[in-house]
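Inspection log for the structure reproduced underneath, given as structure tokens.
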Amino acid sequence: MNSETSSPPSGGESAMTDKSERLYKVAFDLPDETADWARASSERLWTGKTSVQMEVQVRNTPFYVKGISFGDIVRVRADHERREFVFEEFVSEAGNSTVRVIIKDDDARDMIDTMLRSFDCSWEIDTTGYLWAINVPPHVDYASMKAALLRVADEGKIGIEEGALARAHRDGLGLPESDH
């Protein structure tokens, strides 16, 4: 999905934000291989202001950007030529993880929907309906969720990508520190 056309976050994620808060889009430039697949040179994510100038909190789950999750704090810069704010660097994680699922078998949709609800996750679906960007909150037992997703993937019904794993989720899997 080219997030140029995306709307502000909805569902479980919007419940986490103040309804009167003004959100801003920030461009996250994509590496060439991702940009080719995404058919876009950047993904624009909704963000909210923080108390620190030029630092914002990500307010939706990315479809393509790696290393960033809902709630993370990032530093941005004004790109006057492009007339937009652009991601500069990662500042801190909020504890959420980003997992992406590609639906390969239409029969998997309801199964994945039910599974994600049972793990108390929120998600966004791109305009094709096949790419799902899933926010995994800090309290979720990600090892169990990953095992459940891998069972469906082993049946050839979905593909999975871990876009960003929070420290607690990495620790639960016994993985080393991330290098954002």
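Considering only protein heavy atoms, what per residue accessible area in square angstrom results for the stretch 69-144 with a 1.4 angstrom probe? Walk me through the intermediate numbers first.
Values: 3760 Å² over 76 residues.
Result: 49 Å² of accessible area for each residue.
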Lysines whose Cα lies under 21 Å from that of residue 157, excluding same-chain neighbours fewer than 8 positions away: 104, 146
Descending semi-axes in whole angstrom, ellipsoid equivalent of the chain, from the Cα gyration tensor: 26, 18, 16
Distant-in-sequence amide H partners of residue 42 (H built 1.01 Å from N, under 5 Å): 30
Share of carbon and sulfur in the accessible heavy-atom surface of the chain [1.4 Å probe, %]: 48
At 0.890 mPa s and 25 °C, Stokes diffusion of the stretch 73-180 via Kirkwood alpha-carbon radius, µm² per second: 161
Projected label distance in nm at residue 111 and residue 88, using a 7 Å step from Cα toward the beta-carbon: 4.6
Between the stretch 131-147 and the stretch 52-118, the Cα center-to-center distance that results, in Å: 14
Amide N proximity, the stretch 122-139 versus residue 39 label position 7 Å along Cα-to-Cβ, cut-off under 20 Å: 124-133
Förster-model FRET efficiency, 25 Å R0, residue 127 and residue 160, C-beta, rounded to 0.05: 0.75
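The values are calculated or read from the model by the stated rules, or taken from the named source; none is laboratory data. All values derive from a computational prediction rather than experimental measurement. As a convention, Cβ positions derive from the backbone with ideal geometry for all residues, glycine included, and neighbour counts pool all protein chains shown. Side chains included, ligands, DNA and RNA excluded: accessible areas come from the protein's heavy atoms. Shrake-Rupley method; radii C 1.70, N 1.55, O 1.52, S 1.80 Å.
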